[in-house]
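Just so it is clear, none of the values below were taken in a lab; they were calculated from the coordinates. Quick caveat, the model's predicted, so the values are computed rather than measured. We place every Cβ from the backbone using ideal geometry, glycine too, and count neighbours over all the protein chains shown.
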Amino acid sequence: MIHMSNTRQYIYNMINNIKLKWTTFEYNFGWPNYIWLFDSWLAKAAIGIPIVGYLILFNDSVAGHLTFEKLTHGSVDWSLVPQHYRLRLVYFGLVFLGIANFLYIARRPYVMKLGTSEWKYISHLLERATLHDFIQLNGAIKNGDANITVHGKYYDAEWDAFLVQSGGKGKVAAFTPNFNQAKLTHESLLKSILIETYARESRKRRFSLCAAIFFGLLGLFLLMIPSLDLFIRVLSVIFSPIIGNNSATIN
C-alpha cells in the first residue's frame, strides 16, 4: 500500500510539474522570444530567394562550386547526402526562412513594429508618443481583460495626476500644463503602462507565430544538412587515410 501511495504521489507531482512548465511556456510564448529566427540578416536576405532561386537551382556552374572536390581532393569515403541534393537543400532552406520572415513582417503585432524588444518599445514610445497615445493605452488596459503583468495594476490617482500635469484633465493655477515635464515626473507610471501593453500585444496572433516558427526552424534544419555534410567530408579526407593505413598494418 505504501509503495502504491508513493507511486501515485510521484505521478501526481510529475503531472503538476508538467502543468506548471506548460503554463510558464504559454505565458511567455510571444513574438519577441523568436526575433533571432525571424529578423536575422539571413532571414531578411532569404525572402528574395524564391524570386531568383530558380536561376541558380539548376545552374551547373553554381552547382559545381558546391561539390567541394578541390577541398576534398576528390577522395571522399564518408558523406551525408549526394552532391546533387546539396544545392536543393540550401535553396529550400532559404525558401522556408524567407517564408518565416514574410510571416513575421506581415503578421507580427503592431508593438513589434515599434520595438523588437520591450526596452526598445519603451524607449521609442517615451520619446515619440503623444498624450493621446498614452490615453488610448491606459483605456485599453483599464477596459481590457485581466492584466498580463503586475505593471498593469497602477493607481488611478497617479494616472489622474499625470493627466492634470500634462494638460489632459482639469485646471491647475499653480503651473502651466507641460507634457514633457509630466513625462519626467510620472516616468515610472508611463513605463508600467508600456510594459503591460507590450506584454499583452506581443502575445497576440499566436497561430501565425507558430507557423513562422515552424518554417523558420525547418529552413535552418535544411541549411544545417549541407554544412554537416561538408564537415563529414572533411573528416573523411583527414581520417580515412589514417584508418586505412592502420588496417593495412594490422593485416
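The table below lists the values:
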read-out: Potential lengthening between Y110 and L126 on full extension [0.36 nm per residue; Cα-Cα distance subtracted]; value: 4.1 nm
read-out: Translational D in µm²/s for the stretch 112-201 (Stokes-Einstein at 25 °C, 0.890 mPa s, Kirkwood Rh from C-alpha pairs); value: 183 µm²/s
read-out: Estimated FRET transfer efficiency when R0 is 51 angstrom, pair S227-I135 (beta carbons, to 0.05); value: 0.45
read-out: Net length gained if the chain between W36 and N17 were fully extended (0.36 nm per residue, minus Cα distance); value: 4.0 nm
read-out: Gain in span if fully extended, R8 to A211, counting 0.36 nm per residue against the direct Cα distance; value: 69.3 nm
